[in-house]
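What follows is a single structure, written as structure tokens, with notes after it.
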Amino acid sequence: MREKLEQIKSEALSMLARIDTQKELEEMRVKYLGKKGELTAVLKQMGKLSAEERPVIGQLANEVRQTLEKVIDESAAKIERAMLEARLESEAIDVTVPGKRLEEGKRHPMYTVLDEIEEIFVGMGFEILEGPEIELAEYNFTKLNTEEGHPARDWTDTFYIKDDSSILLRTQTSPMQVHAMETKQLPIRVVAPGRVYRKDEVDATHSPMFHQIEGLVIDKNITMADLKGTLNTIVRRLYGENTVTRFRPHHFPFTEPSCEMDVQCHECGGKGCRVCKGEGWIELLGAGMVHPRVLEMSGIDPDVYSGWAFGMGLERLAMRRYEISDLRLIFENDERFLKQF
Ligand code: PHE
């Protein structure tokens, strides 16, 4: 038995010398010191020994156990230290490597213009509204007094989503007028910016997707004078106090009377030049007094309430503001272009 114990000890010690992972170490602990381990097996046979031998072997067995426990613990600590060192090494940061350059983003020029417009309207007590780009034909057309069969509803101009022409990509932000009238308490003062879609080929002034901002005011005793006063104020804030405007009669199904608003060309002061294509004026927006039938369809009594609305293209506004000559530049998002603003 004494030999068996000595053998266990020397075998365990030489095995330990080759161990370098926590898993192996744990396996070895179980093999020698575990409940079913080799040392335990020896101790279980102590009963067979004579009374003189028992204390001597008992003491030896204890010594072997203590020795093994001690070296296993030491080995465990060593392995842990080695693992930590390996980790520190692999995660070390080389402070001499040059840093990655952070490219700073910028607000898109069109959104800068939109921010300015929104701020002016908010300052005048307007609320900003956003609504769906996928819209019911009912809101994009019918409730805007544009019945079935109206040329504006043609498949050649509109991206319909359903074959029965009931759902589409909105062709204008004007359906937001209907959403506002149906959901807001009177009086209403809202602007609604967003994307609109039309089947246009891409060129210097056209894109199948562009942006508009819609405005709507409804209250008692609202007149065309309010429309002109408000729009003139907006334009002067945007382009300067000396900006000259004019209102031309026009037609929209959902306003009556309707008009378009032009600003005098900033380049030639109205004489006619390349920028205004010889006109002296640049068209800015469509507007008008909300048609009584439109009010009625949204549940507002046209005998009590009246209102005005406008719709304005944002790309055109940004192009004029920053003297951008080609609409495509606004959508291409070429950094060389965007960095200039
Ligand atoms: N929705 C019209 C357009 O896209 C603009 C408009 C809006 C006209 C509101 C009158 C009132 O051209």
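Excluding residues fewer than 8 places away in the same chain, name every one of the aspartates and glutamates whose C-alpha is closer than 18 Å to that of Lys100. Within reach: none.
Put +1 on the Cβ of each Lys and Arg and -1 on the Cβ of each Asp and Glu in the chain; which of Leu169, Ile330, Ala152 then has its Cα farthest toward the positive end of the dipole? In the chain, that residue is Ile330.
Seen from Ala86, the other residues with C-beta closer than 15 Å to its C-beta sum to a net charge of -2, counting Lys and Arg as +1 and Asp and Glu as -1. Starting from the Cα of Lys78, draw a straight line to each of the lysines and keep only those under 19 Å, dropping any in the same chain fewer than 8 residues away. Within the straight-line cut-off, Lys78 pairs with Lys23, Lys70.
Which of the trypsin sites (Lys or Arg not before Pro) found in segment 232-311 are loop residues per DSSP with 15 or fewer other Cβ atoms within 10 Å of their Cβ?
Numbers: sites: Arg236, Arg237, Arg246, Lys271, Arg274, Lys277, Arg293; in loops: Lys271, Arg274, Lys277.
Here the sparse-neighbourhood loop sites are Lys271, Arg274, Lys277.
Here's the list of aspartates and glutamates a cross-link from Lys35 could span, going by alpha-carbon distance under 16 Å and ignoring same-chain residues fewer than 8 apart: Glu26, Glu27, Glu69.
How much of the DSSP beta bridge set in the chain is antiparallel, as a percent to the nearest 5? Don't jump to the answer; show the numbers that get you there.
Values: 42 of 44 bridges.
Here the antiparallel bridges make up roughly 95 percent for the chain.
Sort out the exposed loop GluC sites (Glu not before Pro) in the chain (DSSP loop, at most 16 other Cβ within 10 Å) and tell me the longest stretch that has none.
On the way: sites that count: Glu52, Glu91, Glu103, Glu104, Glu130, Glu133, Glu147, Glu148, Glu201, Glu241, Glu267, Glu279, Glu323.
My reading of the result: 149-200 is the longest stretch.
Taking a ≥ b ≥ c as the square roots of the eigenvalues of the Cα gyration tensor, an a/c ratio of 1.5 or more together with a/b no larger than b/c marks segment 101-248 as oblate. The helix-only estimate of mean residue ellipticity at 222 nm for the chain, built from DSSP H runs of length n ≥ 4 each weighted as -39500 (n - 2.57), is -13000 deg cm²/dmol after division by the residue total. Report the Cα centroid-to-centroid distance between segment 20-86 and segment 98-152 in angstrom, as an integer. So the separation of the two Cα centres works out to 77 Å. Rounded to the nearest 20 debye, the dipole size of the chain about its Cα centre is 1140 debye, using +1 on the Cβ of Lys and Arg and -1 on the Cβ of Asp and Glu.
Only the coordinates and a few stated rules stand behind these numbers; no lab work does. This one's a predicted model, so the numbers in the text were calculated from it and none came from an experiment. Counting neighbours? That spans all protein chains shown, and the Cβs are built from the backbone with ideal geometry, glycine included.
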